[in-house]
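Enquirer: Mind looking over this structure? Questions follow.
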Amino acid sequence: MFTPLALIAGLLILILGAESLVRGASALALRLGVTPLIIGLTIVAFGTSAPELAVSLKSALAGNSGIALGNVVGSNIANIGLILGLTALVRPIGVQSMMVKRDIPLMLFASLLFWGLISDGSLSQLDGALLCSMLLAYLGMNYLFDKQQADTETMELKPLAPLLAVVLLLLGIAMLVGGGILFVDGAVALARQLGMSELLIGLTIIAIGTSMPELITSLVAARRGESDIAIGNLVGSNLFNILGILGITAVIHPITASVPKLDMLVMVSLALLLLPLAWSGLRIGRREGALLLVCYLVYLGYLILTSGG
């Protein structure tokens, strides 16, 4: 009885948390004089990636480095293939040229760098420090380059009170973390009741479950017309997953594990595919969303068939 209740409660908390996070983030962008895209790439992305950070740290400290790596790789694949695909099907997403020129290529570079670092079967503390330093440099570059580019027309809108914006933002992050954990626990319990293998649970349920905050947040942002937050959340989350989550985890506890080449290839290929899709017309339309979703479903089908689940 607990399992369906956990799933339903987790989903409701995620929806309410996403609504709160998007509203608070939009208002904060106005107050700070930065674009909603930057808020999406940073605060929103980090907030929705909190479940991945919790799972990866817990797994690495418990000696389950494979789960930590698989969680990040699986979440990055789900963010682009499943979440961006579904979001674009619901409502086409506009893409700023800056994202095509800078943020998406950096996501691709980070993916390739991660593949190179983990190719020897480990992420050392030095590797983790390198990834963390790249994240800090990215954050600093974003703030310096984009503070003066805030939309002056948007700044004319009447924003929420600063305290209310911060409260909504923090409340949204807390609800996303709590709802995400509740949803994952319920989904894993249900999967075990259905007889799914541990491997398949890790590659699918945990990866998708920890990506639920990104899914709900992006759908809510798209529905509210906040395309910058929707796509910024996903690209920023993928960057944070690699540079932040793996970087922080490796610094605290070196990771010793390997990732199947196919999974790494799918993660990098989706990052590469996103570049021309976003460049064409500077939007991710329903056709592009359908293509991304099909790619993810083919990958998911392959996992199910080869896992014996």
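The values are calculated or read from the model by the stated rules, or taken from the named source; none is laboratory data. As the structure is a prediction and not an experimental result, all values here were calculated from the model. With ideal geometry, Cβ positions are generated from the backbone for all residues, glycine too; neighbour counts draw on all protein chains shown. Heads up: the accessible areas ignore ligands, DNA and RNA and are worked out on the full protein's heavy atoms, side chains in. Shrake-Rupley method; radii C 1.70, N 1.55, O 1.52, S 1.80 Å.
Enquirer: Give the residue, chosen from G209, G301, G236, that is in a helix (DSSP H, G or I) and free of Cβ contacts under 8 Å to residues at least 40 places away in the same chain.
Expert: Being in a helix (DSSP H, G or I) and free of Cβ contacts under 8 Å to residues at least 40 places away in the same chain holds for just one of G209, G301, G236, which is G301.
Enquirer: Another one. Of the conditions (1) touching a Pro at 6+ places or on another chain (Cβ under 9 Å); (2) among the small types (G, A, S); (3) over 16 Å from N241 (Cα atoms), A50 fails just one. Which one is it?
Expert: A50 satisfies every listed condition except (3).
Enquirer: Let me confirm something: among A271, A230, which residue is touching a strand residue (DSSP E or B) at 6+ places or on another chain (Cβ under 9 Å) and surrounded by 21 or more Cβ atoms within 10 Å (Cβ to Cβ)?
Expert: Among A271, A230, only A230 is touching a strand residue (DSSP E or B) at 6+ places or on another chain (Cβ under 9 Å) and surrounded by 21 or more Cβ atoms within 10 Å (Cβ to Cβ).
Enquirer: Kindly establish whether A110 is in contact (Cβ under 8 Å) with a residue 60 or more places away in the chain, surrounded by fewer than 20 Cβ atoms within 10 Å (Cβ to Cβ) and either out of contact with any Gly (no Cβ under 6 Å at 6 or more places or on another chain) or more than 25 Å from I67 (Cβ to Cβ) (or both).
Expert: No; evaluated as a whole, the condition is false for this residue.
Enquirer: Which of the helices (runs of 4 or more DSSP H) found entirely inside region 1-98 contain at least 1 residues meeting this: within 30 Å of Q125 (Cβ to Cβ) and open to solvent by 40 Å² or more (accessible area, probe 1.4 Å)?
Expert: It comes to 45-48, 50-61, 65-77.
Enquirer: To continue, here is another question. Restricting attention to region 274-290, which residues are touching a residue at least 60 places away in the same chain (Cβ under 8 Å), surrounded by 17 or more Cβ atoms within 10 Å (Cβ to Cβ) and part of a helix (DSSP H, G or I)?
Expert: L274, A278, E288, G289
Enquirer: May I pose another question? Just to be sure, is I242 of a type in the set (V, I, T), open to solvent by 10 Å² or more (accessible area, probe 1.4 Å), within 30 Å of G121 (Cβ to Cβ) and part of a helix (DSSP H, G or I)? Show your work before the answer.
Expert: On the way: of a type in the set (V, I, T): yes; open to solvent by 10 Å² or more (accessible area, probe 1.4 Å): no; within 30 Å of G121 (Cβ to Cβ): yes; part of a helix (DSSP H, G or I): yes.
Against the criterion (of a type in the set (V, I, T), open to solvent by 10 Å² or more (accessible area, probe 1.4 Å), within 30 Å of G121 (Cβ to Cβ) and part of a helix (DSSP H, G or I)), I242 does not qualify.
Enquirer: For S237, all conditions in the list (1) open to solvent by 40 Å² or more (accessible area, probe 1.4 Å); (2) closer than 30 Å to L170 by Cβ; (3) small (G, A, S) hold save one; what is the number of the exception?
Expert: (1)
Enquirer: If you take the residues of region 245-262 that are part of a helix (DSSP H, G or I), in contact with a strand residue (DSSP E or B) (Cβ under 8 Å, 6 or more places away or on another chain) and not small (G, A, S), which of them is nearest to W115 (Cα to Cα)?
Expert: L246
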